[in-house]
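The values are calculated or read from the model by the stated rules, or taken from the named source; none is laboratory data. All values reported here derive from a predicted model rather than from experimental measurement. Cβ placement follows ideal geometry from the backbone for every residue including glycine, while neighbour counts extend to all protein chains displayed.
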Amino acid sequence: MIESVLEATNLYKAERQVLRNKGASGVDGVRCWDLPDFIRKYRTKLLSSILDNSYTPDAILGVSIPKENGKPRLGYSNGSR
């Protein structure tokens, strides 16, 4: 199933959607308009590591968000302030 997710047409559609939504950079600092070059540069390495189960995504920057009931909930930050 993962092979169908990683097909070039699906990756292209996902890239276009991120660009269309003007996605914010993540903790890694990759800006949405840098995404096409990043994908072209690392596509083969990323896909092979996903397919052979050696890919380990970077951790998110977790933040505690206070709620009205006093219990915090975990959110994430994209690293920008």
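Things to note:
- Within segment 47-81, the set of residues being at pLDDT 85 or above, within 30 Å of SER4 (Cα to Cα) and either under 15 Å from the mean Cα position of the chain (by Cα) or surrounded by 10 or more Cβ atoms within 10 Å (Cβ to Cβ) (or both) comprises LEU47, SER48, SER49, ILE50, LEU51, TYR55, THR56.
- Any hit, segment 10-31, residues being modelled with pLDDT of 90 or more and among the hydroxyl-bearing types (Ser, Thr, Tyr): no
- Within segment 1-15, the set of residues being assigned to a helix (DSSP H, G or I) and surrounded by 12 or more Cβ atoms within 10 Å (Cβ to Cβ) comprises LEU11, TYR12, ALA14, GLU15.
- Single condition ARG40 does not satisfy, out of (1) touching a helix residue (DSSP H, G or I) at 6+ places or on another chain (Cβ under 8 Å); (2) modelled with pLDDT of 80 or more; (3) exposed (fewer than 12 other Cβ atoms within 10 Å of the Cβ): (1)
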